[in-house]
1. Could you say which residue among Leu96, Leu84 is at positive phi and in contact (Cβ under 8 Å) with a residue 40 or more places away in the chain?
2. Within the stretch 295-333, which residues are more than 18 Å from Gly215 (Cβ to Cβ) and aromatic (Phe, Trp, Tyr)?
3. Is there any pair linking a residue in the stretch 262-290 that is under 18 Å from Thr435 (Cα atoms) and in contact (Cβ under 8 Å) with a residue 60 or more places away in the chain to one that is of a type in the set (Lys, Arg) and crowded, with 17+ Cβ neighbours inside 10 Å, with Cβ under 7 Å and at least six apart or on different chains, and which?
4. Among Asp148, Asp128, which is the only one that is in the same structural domain as Ala103 (by TED's automatic domain parsing) and touching a residue at least 24 places away in the same chain (Cβ under 8 Å)?
5. Which of the residues that make up the stretch 46-68 are of a type outside the set (A, V, I, L, M, F, W, C) and surrounded by fewer than 24 Cβ atoms within 10 Å (Cβ to Cβ)?
6. Considering every residue within the stretch 255-268, establish whether at least one is closer than 30 Å to Glu396 by Cα and surrounded by 14 or more Cβ atoms within 10 Å (Cβ to Cβ).
7. Where residues in the stretch 387-432 are basic (Lys, Arg) and farther than 21 Å from Asp310 by Cβ, which of them is surrounded by the fewest Cβ atoms within 10 Å (Cβ to Cβ)?
8. Select from the stretch 382-399 the residues that are touching a Leu at 6+ places or on another chain (Cβ under 6 Å) and within 19 Å of Arg427 (Cβ to Cβ) and list them in ascending order.
Amino acid sequence: MSGDDPVAAALEAASAAEQAGRIDAAAGILAGLGAAIEARPAGLHLAGVVAARQGDYAAAATLMDRAARLAERRGMDPAGLALLHRNRSEVHRRRLQPRAAIAAGRAALALAPDDPAVLNNLALAHFDALEIDAALDCYDRAIALAPDDPAPHFGRGEVLLSLGDYARGWPGYGWRFRLPGVPAPVPAAVLAQRRVRRWQGRKLAGTLLLVADQGFGDVVQFARYLPWAAARATRLVVAASAEMLPVLAAFPQVAEIVTDWDRLGEFAAWAVLSDLPALAGTLAGTIPAEMLPYLAAGHEDGMRWRARLDELCAPGLRRVGLVWAGRASHPFDFARSASLAALGALGQVAGVAWVALQLGGPEAQVAGQSWRAPLVNLGPEIESYADTMAIIAGLERVVTVDTSVAHVAGAMGRPCWLMLPRRADWRWGLRGADTPWYPALRLFRQRRLGDWGPVAAEIAAALEATAATPAAR
């Protein structure tokens, strides 16, 4: 019993604290054990889990790998060892090491061949490595074992969408709101008060409520479907966060934009904005782009920001926008965001003034750069997407990682070069330099997951090549 073993008792307390979300408390208990934890595979595993919860994936990988080696020598119950290998797989994914993630996932699968969670994690690792058939096989096996588990359905949908197989991909993508931790798009209390149904795309005699769900980039991308939805309802209302008002205001088909559920009036049916492509039957070859551009900077905002750029950028320099990191809470941000230091080749391009549009914590990286080219930091001055659009309108082009700025530039029809991880988000496909979602975008892809240096060098060379014709894509 753990009462006779103070180390085991401490590990139980640390485990309880970790499961309750008291990560600092769990870390404190484990630190108090000192070297005693080194003799316990379960203890090293738990320490790795806590390190991962703290965002230190390098430490987590070291601890979990040591736990696995110790377990091989001293033995560990199969269920516990399978969980250890499954967690190792995810930690190595976070460290952008898909081969190590696959090896750990296969070790877990050998011990737990009927565990859908093991298969789901292994599928993610295979997908990161662009081993598409292996990823789909794992997802199919997981779905067969647990038909009601949303994770493999959603994962399989994303793989199919990445392949351009939209007809089979949309149904899986529709499972996303069943995933653990994903909030309901409309509060249950709002629906209970009205007893309304979810819209399926048919003609509606009444008000249709569309919820601008997911990230800001998704809202920009799928806003192109607002006229299509408005043509199928008597009246269209969109519920969105206040940040999206400058984007949604571009669509006269929207009768009302609501930013507070308490101010929402009556409606006959509802849907989420990100469901519209599926409801419209969108295929890879039928993505609506005829209305592009559908965003534009306001005249006064444009004049104000052009004057500001004239103040900050020396005459004769090409003005190129730059964003190197997205929202940290995005589930794939560990792969899609870069650091400014990793893009150093951009700072060596002659004749360019870089205009940083970066927001949030990564903005602080500007202070530590030593680029030859000037880097103007506008992040502290940007207050809304109206500002972002006005700044973009005054730039030659934008260079960005996969974040909302790419969608805004694309929706404006402005030249934008998008830096993508080797395994990009589904909407950008798996290969090629073009996207039917935004003809103005040019895609630059990593050759190796996590390696941004060659991407930056390729973009630097492309910028130098377009110096004589700056309007070129």
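1. Leu96
2. Trp305
3. These pairs meet every condition: Pro288/Arg224.
4. Working: Asp148 fails: touching a residue at least 24 places away in the same chain (Cβ under 8 Å).
The unique qualifying residue is Asp128.
5. Arg53, Gln54, Gly55, Asp56, Tyr57, Thr62, Asp65, Arg66
6. No: zero hits.
7. Arg431
8. Passing the criteria: only Val399.
The values are calculated or read from the model by the stated rules, or taken from the named source; none is laboratory data. For clarity, every value in this text was computed on a predicted model and none was experimentally measured. For neighbour counting, all protein chains shown are included, and Cβ atoms are generated from backbone atoms with ideal geometry for every residue, glycine included.
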